[in-house]
Every structure is written in structure tokens, then in C-alpha cells.
Amino acid sequence: MESLKSWSLLHEYIIPLMLFTTVSKGSSCDAPSSPECFRRTAEAPDYRCEWSMNNTTKSNVKFDLYIDEVRVRNFARTWFEINEKPFKRLKNRSVNIWVEAHIGNSSCASTNTSVVLSHTVKYEAPKHISMSWLKNNLSLSWTASEKHPAAAEIRLHKDANRTDSWKHITTNTTSDTSMHHVLVENLLKDTVYQVKIRHRSTKALNPLWSDWSPVVIVPAELEQKPEVTMNITLSNGTRKVALTWKKMPHAVTYSLNDTQSSNGCTCKKRRDYPINTTETTYIIFVVYSAVKIFVNGRNAAGSSPPAILQIPAVTAAELKICENTLLNIKRKKKTCPEWFELQDEDLWPWSVSDTDIKDYVRYLYFEHKCIDGKPWTLKMCLFYQKEGAPLREPQDFIAFSETHTSNLSWKAIPSAEQRGFLTHYSLCSVKVSSQDERKECHNISASVMKYRLGNLMQGTKYNVSLVGVTRVGEGPEAKLTINTLPEKPVNVLWRLCLLFLFVILTTMCTCILKRIKDNIFPAVPTPVIPDFIPYQPESQDFLERKEEVDELTLLHFHPEVKSVPEDAEESAVLAGEWEEDTDEDEDNERWDSRMLGGSSDECLSPGSTEEALRSSREGEMTDVEQLDNDIAMLIYKKGLVFDVKTDSL
């Protein structure tokens, strides 16, 4: 037989079949199970035969496999794989298959199984099982044995109740080119399950169920994102970010990723991302540009929502302006340039390549390099490829407190509308009442958003304009009108009342202070000296004598002229008293008497002269005037002055 000869050349254990089975007397072996011979897929070139035996642990057990006329003998495994070529004439017809076991001198055989080899397909047990939760539905996926869908049987129960019976679910899979998918509905996504799966072909004429997959644990869904905190330490050119998060229930690992790995400015290789760790802390180094870090928990059922940590770009106090030739500079190969488009300061900057740089758009430029395995920023600056005047006016330009001063405020021109670097704002104001008024303008720093406009007249209308200025020119004006408030009549009345009150208080204080001063420092009386005609003495001796006034005595008027009033008499009595108490030189007394017109026996010539003078004066004044002058005369006593006041007649 030609086919048997070719088979004997392929396998030395195959010999012409002896159609008999012998079992030794006193055999102690258990018969093996009926064998299953199949292909793994409909297109597989090899067949595999499997069986089982209770005492396969004995090392001296040998098996012979019989496939119709062919025997494969003397091997110790409970399975055997053979190539399709020797069985081409047998694969499409029914054949009998059995197994014979040999233990020492004993042998035993399984029952015969009649099969068509080409019709029998048995898949391998499901491998690479993955799972995910879709609300309360569990999605299971595993590697597909064939491209078409398969039948699947799923057993599951809660992990907390392992003694409970398995729940059986039989369904057909949905398939793509490489995976089978099954959706198990109406489960609890916050519960842990145990699952095992087997499947079989839906195309084969004689499909066999695969072996069960190992039991897999389906963890609960991770619904919450990790609670991550970070601590940033700024170094000279790099930033150390220490991440810490709380341990998540049902989470096995944690995954970290960042945006600097996607743009290539990292010291790690791309295959090193994402970073997986089982710890709850991690340290990462990032550059000065804006970076996002993503942290999520992972388990077999999927990932939690990511915790997104946004680390803004380092803001320099005086961020420099890049040179215009920056795009043309040839950079070193080991440096990593990075461009961010700053269209809106409230939004996250958009990373672009240097080939996408546009005119009139502001960019933030960074240049990075790896130093000692850490990313470092070497340069950062602002850049415009081409500048222009602003397209829009300052926003929300308002005024308040419109009195003699007005407080103005505004918002910056949006970055996308600036079209260049703002050098300053120009604020101008002019009165509306007169066109001849000169416009007053002020230059305000581009970083200032408030200004106090002063020296305004109350009750006046002003037009105020504000423009942004770049190196190219001015943009549109933001305008407003200020109506300063007139001075209120109530305020005028209050001012008059306060002024009147001030005058009254000032007058009262002056009077009070004057009275206090008079009591503490009384006024010194001023002596009154009447006019007199000096007497020229005839002798020189008389001129050289010193005058010493001891007392001044008022003379009684002649009764023929007029009677003296009582007050004058009192003065005369007072003078007499002073005469009695005074003990002075008699020469001085006589001198005083002669000077005042009194009569004396010792000096006749001077007396006669005085009478002549008195008679000449009496012709010019009346008796009353003479009386007043005499009463008002002072009394001198050793330098003391006594002011005698009398009522006029």
C-alpha cells in the first residue's frame, strides 16, 4: 500500500494496523476516555487528538493511537498532533478512532469514536481576555480564532460569593479582524465578578467547545479620577514636580503622561510613555513651557477618568522680545524649539511648529535641552513675525466718581487684536463747551488698566478717548463722555454756615484771650504831662541844679474867679495831706510853689514873672478849661505817678 509506505517514512511509530485489541489478564489500568481529533481552525493543516486518563501521573504509561488503518504508538502524552498529508484520503470520510494505554504488561483501550476529520474544529481556550464597564453592562473581548463570529458560553458569579453557583450565559460574539466581543447586560458595575469563557465555531459542521479559559477577576469600575496634589520646585531652567495621590479602591496601577512627551521635548524615549507605577507618589521634571500632566488609575476593567494637572508657563517679570531673525537662526541639533500661539490669554496656549508661524500673531518661544537626563529651558521670549497697529480699541472703557477728578478703567486689547507689542496707551480729554480748548493727552504704561484724571471743572462736559499704541501706530479709539457734577447749593450753604461759625468762634476766643491777658498782665498807665512854658532862669547856678520832684500840689483857685467843686477840694485836701507827710527840703518846696504859680515871700521876681504869664494865658482860656487842666494835673512822688480823674463841670 503506497499511502502506508509514505506514512512509515514520516513516523517510525506508525505500522500496519492489526485489527484486534488485547487486554492482559489481571490488568490494573483504567481505560482512557474516547479521543477527540480536530483542527484548531477550518484552514489549519494539522490535526490534534486529545483524551484523558485518571492515572496519567504514572510515568510508565504508554499510549497507542488508532485512526482506522493507522496506528501511532508508544508515546506518553495524552495528546498527539499529526500532519494532514498522510490523511488526505481519510479526512473527508468517517473514520474510527480509539486509544490504547499500556502499563507494564497490562493494556486497556478506550471506546471507538467515529468522526469526519475535516468537519471537526475545536478552538483554543479564549486568550488575552479584556474587559470594560459600559454603565451596568460588562464588555468582554478576547483573541479571535477565526474572522467570523463564534458561539460563546460565559460563566460568572460575584467574587464575594464564590460558593454561589455559576450563572450561564450563551450568546454569539461580534467580531472584527482579530477580536471576539460579548456584552453581558444587567450587572452591577461597582461589584467584583469572577468570569470564565469558552467558545466554538459557528461555521464548522462538527464544532467542539473549547476548553474553559482560566477564571478572570472583573474588578469594579473606577468612576472617580485620582485626587492628585503637586508641589512645584523651580530650579534654574527646569521644574521639579512632586505628585502625590490617594490610593484608589480596585486600582492596580497608575498611569502618568504629559504633553512634553508628545512634542518630543523630553529626555525619555517615546516607548517609555505612559509611565506606569504601583506607587502613589512620583517625581517628574518639566520645562518652563506650559505642560499638562495626566494621572489615572487602571485595573483590568479599564481606566479611571484622568486627573489633569495644568502647569502654566513660567511668567518672567520682564519677558524679553525675541530678535526678528529668530526663525532664520540655525539651532543646535540637541536643542528642542517650542512655539505657543497666544491668541487668547484666558485659553491654554496652542503648540505650533515653526513652519506655521503667521504675521500679526503673538507667539511664546521656548528653547529646551536635556542636561543630566532632565529637560532644561535655555531661552524664552515673545515673538511677532510681523507687527501692525491694533485692530480694536481697549475694552470696557468706563468712568466713575465724576467730580473734579474722574477714575477711569479699561480692559486690555485681546492678544489676537493687538497685532504687535503695545508700547503704551494714549489718553486724551477735551472740554465739549468750547472748540478752542486744547486737548490734553497723557501716555500711560501698557501694563496699567486704571487712571485718575484730575483738574476737571465741576459742571462741565468732557470728551475722553483712549487708544492702544504699538511700534507701528495707533489703533481705534475707545470714547466716553464725562459730565462732572455741579457744586450742590447745600454745600454752599454749609460752607457759609461754617464760615459764619468760624468768625463767631474767632471773635469769642479773641475776647476771652484779651480778658485773660488783662487779668494776668494789667496795663501800665501812661503819664499825662500838660503843656508848659519852660522858665529861663537868670543865673547859671540855677540851671545846674538838679530837679527832684518830691510832690506836686494843686493850688486853690482864687475865690474871685470861681468856686472850686467838691472834687477839686478833695484833691486839695489830698495834696495837703501829702504836704503834712512830706519832709523834704524847703527850697524844693518853694521852687515847686513858684513853678505852679503859688505866692512866696522868698522869691518875688520869679513870682511876678509867673503872674504875668498866667494873666496872659487867662485871657485865652475860659475858667472851665482852666479848672479841668488843674484837676487833671499829676502828683509826682519820687517817680510814682498818680492819675487823678475828675468829672468835668
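Annotations for the structure displayed:
- Per-residue accessible area (protein heavy atoms, 1.4 Å probe) orders LYS122, LYS514, LYS135 as LYS135, LYS514, LYS122, starting from the largest.
- Measuring between alpha carbons in the structure, the pairs from LYS269/LYS333; LYS269/LYS369; LYS268/LYS330 lying more than 22 angstrom apart are LYS268/LYS330.
- Using R0 = 35 Å, the C-beta based FRET efficiency linking THR325 and SER409 works out to 0.35.
- Each of LYS246 and VAL472 was given a label point 7 Å from its Cα along the Cα-to-Cβ line. The distance between the two points is 5.3 nm.
- Surrounding net charge for TYR66, when Lys and Arg each add one and Asp and Glu each subtract one, Cβ distance under 12 Å: -2
- D (Stokes-Einstein, µm²/s), Kirkwood Cα radius, the stretch 221-278, 1.567 mPa s at 4 °C: 96
- Only protein heavy atoms count here; on that basis, with a 1.4 Å probe, MET457 has an accessible area of about 100 Å².
- Put simply, the Cα atoms of the stretch 400-477 extend 40, 26, 15 Å along their principal axes, the longest span coming first.
- For the pair LEU134 and MET449, a Förster radius of 51 Å applied to the C-beta separation gives a FRET efficiency near 0.50, rounded to the nearest 0.05.
- From largest to smallest, the equivalent ellipsoid semi-axes obtained for the stretch 297-453 from the alpha-carbon gyration tensor read 42, 22, 14 Å.
- Net charge of neighbours whose Cβ lies under 14 Å from the Cβ of LEU234, counting Lys and Arg as +1 and Asp and Glu as -1: +3
- Paramagnetic reach from GLN385 in the stretch 317-341 [backbone N under 14 Å; point 7 Å along Cα→Cβ]: 324-329, 339-341
- Local charge for TYR360 was computed over the other residues whose Cβ lies under 9 Å away, with Lys and Arg +1 and Asp and Glu -1, and equals +2.
- Using a Förster distance of 56 Å, the FRET efficiency for GLN343-LYS461 (Cβ separation, nearest 0.05): 0.90
- Its convex hull of Cα atoms gives the stretch 241-387 a direction-averaged projected area, equal to a quarter of the hull surface, of 10.5 nm².
- Simple label model, 7 Å out from Cα along Cβ direction - ASP164 to ARG93, nm: 5.4
- For the pair SER178 and VAL430, label points projected 7 Å from Cα toward Cβ lie 7.5 nm apart.
- The tail of the calculated P(r) for the stretch 361-421, taken as Cα-Cα distances beyond 17 Å, holds 62 percent of the pairs.
The values are calculated or read from the model by the stated rules, or taken from the named source; none is laboratory data. All of these numbers come straight from a predicted model, not from anything done at the bench. Cβ atoms come from the backbone with ideal geometry, glycine included; neighbour counts cover every protein chain shown. Please note that ligands, DNA and RNA were not included when accessible areas were found on the heavy atoms of the full protein model with its side chains. Shrake-Rupley method; radii C 1.70, N 1.55, O 1.52, S 1.80 Å.
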